[in-house]
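The values are calculated or read from the model by the stated rules, or taken from the named source; none is laboratory data. Remember, predicted model here, so these are calculated numbers, not experimental data. Here the Cβ is made from the backbone with ideal geometry for all residues, glycine too, and neighbour counts use every protein chain on show.
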Amino acid sequence: MRLCLVPLKTEPRNLELNLHRLRERLIAAAAYHPQLICLPECTLTGYLWEEEDLNTFAEAISGRTTQWMADLARSFGVYLCYGLVEAAPEGFYNTALLLNPRGEILIQYRKICEQPPYRSGREFSSVDTEFGRIGLLICGDLFHEDVLGQLDRNLQLLLVPMSRGFDDTSPNLQRWLNEERQAYLDAVKQTGVTTAIVNALEDLPNEGAFGGAFVVDPSGKLLAESRHGTDELLIIDL
């Protein structure tokens, strides 16, 4: 399987601009003929946490973002993983979905280890595809033993959309190399599953999600990486 990770450069709350950028990135990715494309957490809105923002930008799963993404999955003939701020009758969720090349939803995963005003998801889910069994986690879920304990024993690929930034200067290459990256490699080793992680690159000066993407094997070995602080595509054959 050829996998493409897209560390999308996003401007928080600007869906139309981010959708335009996404289409441009998918056109660039199409030259490599990927079969599965994974996008960051809260792909088109950026990670939002203020109640006002959630009320403004959260959508039902049947909303326009899923329709846009389904159209893109069909247009490019790919499995497509993306994140959104979900509005449900009982509240808001940080959600990731996996679509098949027909634009149909295969997985709807709600982040389990999440803070208010979000509600927390309850369970891990995975699905069989022609490329093997695929599952989703979102960002910090990768570091929680109670979540990892739910992983399917037959899982062959784990996708982890992120919107991770540092609390001081972000991006910060030295901090990434000296501290953060190894923590992710160690976490993947705990899963025992090949894992693909992709982070948003927020269009903010010296703050926000720091971009980049990487793929790690079940032993915690780094297989491939796009540069920290960039929106470079990462293409890898698995």
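For segment 28-77, name all the residues that are part of a loop (DSSP other than H, G, I, E, B), more than 13 Å from R13 (Cα to Cα), of a type outside the set (S, T, N, Q) and touching a residue at least 60 places away in the same chain (Cβ under 8 Å).
Those that are part of a loop (DSSP other than H, G, I, E, B), more than 13 Å from R13 (Cα to Cα), of a type outside the set (S, T, N, Q) and touching a residue at least 60 places away in the same chain (Cβ under 8 Å): Y32, P34, L39, P40, E41.
Just name the residue that is surrounded by the fewest Cβ atoms within 10 Å (Cβ to Cβ) out of those in segment 8-27 that are outside any helix (DSSP H, G or I) and in contact (Cβ under 8 Å) with a residue 24 or more places away in the chain.
That would be R13.
So how many residues does segment 83-112 have that are assigned to a loop (DSSP other than H, G, I, E, B), touching a Phe, Trp or Tyr at 6+ places or on another chain (Cβ under 8 Å) and not charged (D, E, K, R)?
Count: 3.
Working only within segment 154-171, note down all residues that are out of contact with any Gly (no Cβ under 8 Å at 6 or more places or on another chain) and farther than 15 Å from G140 by Cβ.
The answer is N154, D168, T169.
How about segment 202-213: which of its residues are surrounded by fewer than 24 Cβ atoms within 10 Å (Cβ to Cβ), in contact with a strand residue (DSSP E or B) (Cβ under 6 Å, 6 or more places away or on another chain) and either part of a strand (DSSP E or B) or without any contact (Cβ under 8 Å) to a residue 40 or more places away in the chain (or both)?
Across segment 202-213, the qualifying residue is only E202.
Could you please let me know if L80 is in a strand (DSSP E or B), surrounded by 14 or more Cβ atoms within 10 Å (Cβ to Cβ) and either of a type in the set (K, R) or touching a residue at least 12 places away in the same chain (Cβ under 8 Å) (or both)?
Spelling it out, L80 is indeed in a strand (DSSP E or B), surrounded by 14 or more Cβ atoms within 10 Å (Cβ to Cβ) and either of a type in the set (K, R) or touching a residue at least 12 places away in the same chain (Cβ under 8 Å) (or both).
If you take the residues of segment 169-201 that are assigned to a loop (DSSP other than H, G, I, E, B), touching an Asp or Glu at 6+ places or on another chain (Cβ under 9 Å) and not β-branched (V, I, T), which of them is surrounded by the fewest Cβ atoms within 10 Å (Cβ to Cβ)?
Checking each candidate, the answer is N172.
Is it fair to say A60 is surrounded by fewer than 19 Cβ atoms within 10 Å (Cβ to Cβ), among the hydrophobic types (A, V, I, L, M, F, W, C), at negative phi and modelled with pLDDT of 95 or more?
Answer is yes for this residue.
Please tell me if T195 is modelled with pLDDT under 95 and of a type in the set (S, T, Y).
Spelling it out, it is not the case that T195 is modelled with pLDDT under 95 and of a type in the set (S, T, Y).
Go through (1) touching a strand residue (DSSP E or B) at 6+ places or on another chain (Cβ under 9 Å); (2) at pLDDT 95 or above for A183 and report which single condition fails.
If we test A183 against (1) touching a strand residue (DSSP E or B) at 6+ places or on another chain (Cβ under 9 Å); (2) at pLDDT 95 or above, just (1) comes out false.
Mind listing just one residue for me: the one in segment 214-238 that is small (G, A, S) and in contact with a strand residue (DSSP E or B) (Cβ under 9 Å, 6 or more places away or on another chain) and, of those, surrounded by the most Cβ atoms within 10 Å (Cβ to Cβ)?
So the residue we want is S226.
I need a count of the residues in segment 88-105 that are of a type outside the set (S, T, N, Q), over 18 Å from N199 (Cα atoms) and touching a strand residue (DSSP E or B) at 6+ places or on another chain (Cβ under 6 Å).
Matching residues across segment 88-105 total 4.
For segment 212-238, give me each residue that is among the β-branched types (V, I, T) and within 18 Å of S170 (Cα to Cα).
T230
If you go through segment 114-147 one residue at a time, how many are assigned to a helix (DSSP H, G or I) and either buried (at least 18 other Cβ atoms within 10 Å of the Cβ) or within 17 Å of the chain's Cα centre (by Cα) (or both)?
The total comes to 6.
Being more than 13 Å from the chain's Cα centre (by Cα) and of a type in the set (V, I, T) narrows it down to one of I27, I37, so name that one.
The match here is I27.
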